[in-house]
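*Asks:* Just passing along the structure, written as structure tokens.
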Amino acid sequence: MLNTMYPFLLVIHLFCAIIFVGYLFFDVIIYPNVKKMLGDEIDKKVSSAIQKKARKIMPFCVLLLLLTGGMMLSRYIGGDIGYLNSKLQILLLIKTGLASIIFLFVAISLSCAFVFKCKNPVGNIIHPVAFTLAIFIVIIAKLMFYI
């Protein structure tokens, strides 16, 4: 059944990854340079509008990334296949570890915003760190099938 679903899972996973990494790219690389031109008042309005929309889309996107990634992971790791029997498995586990750090940051952020209603302790570093990790995840994803 997983073999039948795998192409669909892969497409969903890739689209969610594009949305997630694209948002991080915008937030880390593009927007900081643009907000210098906007002025404080306009920047606050624009930032608020972006965050409001992102809070509706990104948790769903991250959840789909987690679910589809986990389902696809089971095709290459575990059971009779083993865990560290090939370079692909080693790279996939490294990729999974890096993604887990991002998911941990997302869980902390969402918990602070919606459950505890407190200031996010990783708020200033989460997007640059997540973007850096995402770059490594994309590189590893491409290398997995060639090394």
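*Asks:* If I filter the range 122-132 down to residues being in a helix (DSSP H, G or I) and free of Cβ contacts under 8 Å to residues at least 40 places away in the same chain, which single residue comes out as farthest from Ala54 (Cα to Cα)?
*Replies:* If we take residues in the range 122-132 being in a helix (DSSP H, G or I) and free of Cβ contacts under 8 Å to residues at least 40 places away in the same chain, then Thr132 is farthest from Ala54 (Cα to Cα).
*Asks:* A further question on this structure: Do any residues in the range 57-85 that are touching a residue at least 40 places away in the same chain (Cβ under 8 Å) and within 16 Å of Met144 (Cβ to Cβ) have Cβ atoms under 7 Å from those of residues that are in a helix (DSSP H, G or I) and of a type in the set (Phe, Trp, Tyr), where the two are at least six apart or on different chains, and which pairs are they?
*Replies:* Met72/Tyr6; Arg75/Tyr6
*Asks:* In the range 99-121, what residues are without any contact (Cβ under 8 Å) to a residue 24 or more places away in the chain, more than 17 Å from the chain's Cα centre (by Cα) and under 16 Å from Arg55 (Cβ atoms)?
*Replies:* Passing the criteria: Cys112, Phe114, Val115, Phe116, Lys117, Cys118, Lys119, Asn120.
*Asks:* From the list Ile135, Ile147, Ile101, which one is in a helix (DSSP H, G or I), within 24 Å of Tyr83 (Cβ to Cβ) and out of contact with any Ser or Thr (no Cβ under 8 Å at 6 or more places or on another chain)?
*Replies:* Ile101
*Asks:* Among the residues of the range 85-98, which ones are exposed (fewer than 15 other Cβ atoms within 10 Å of the Cβ) and outside any helix (DSSP H, G or I)?
*Replies:* Answer for the range 85-98, where residues must be exposed (fewer than 15 other Cβ atoms within 10 Å of the Cβ) and outside any helix (DSSP H, G or I): just Asn85.
*Asks:* So, one more: Which residues, taken from the range 96-114, are under 14 Å from Pro59 (Cα atoms) and either in contact with an Asp or Glu (Cβ under 9 Å, 6 or more places away or on another chain) or β-branched (Val, Ile, Thr) (or both)?
*Replies:* The answer is Ile102, Val106, Ile108.
*Asks:* One residue is enough: does the range 118-126 have a residue meeting the conditions on the phi > 0 side of the Ramachandran plot, among the charged types (D, E, K, R) and at pLDDT below 90?
*Replies:* no
*Asks:* Looking at the range 25-43, I want the residues that are farther than 21 Å from Phe131 by Cα and have a partner that is part of a helix (DSSP H, G or I) and among the aliphatic types (A, V, I, L, M) with Cβ atoms under 8 Å, at least 6 apart or on another chain. Which pairs are those?
*Replies:* Pairs found: Leu38/Val46.
The values are calculated or read from the model by the stated rules, or taken from the named source; none is laboratory data. Predicted, not measured: the structure shown is a model, and the values here were computed from it. In this analysis, Cβ positions are derived from the backbone assuming ideal geometry, glycine residues included, and neighbour counts consider all displayed protein chains.
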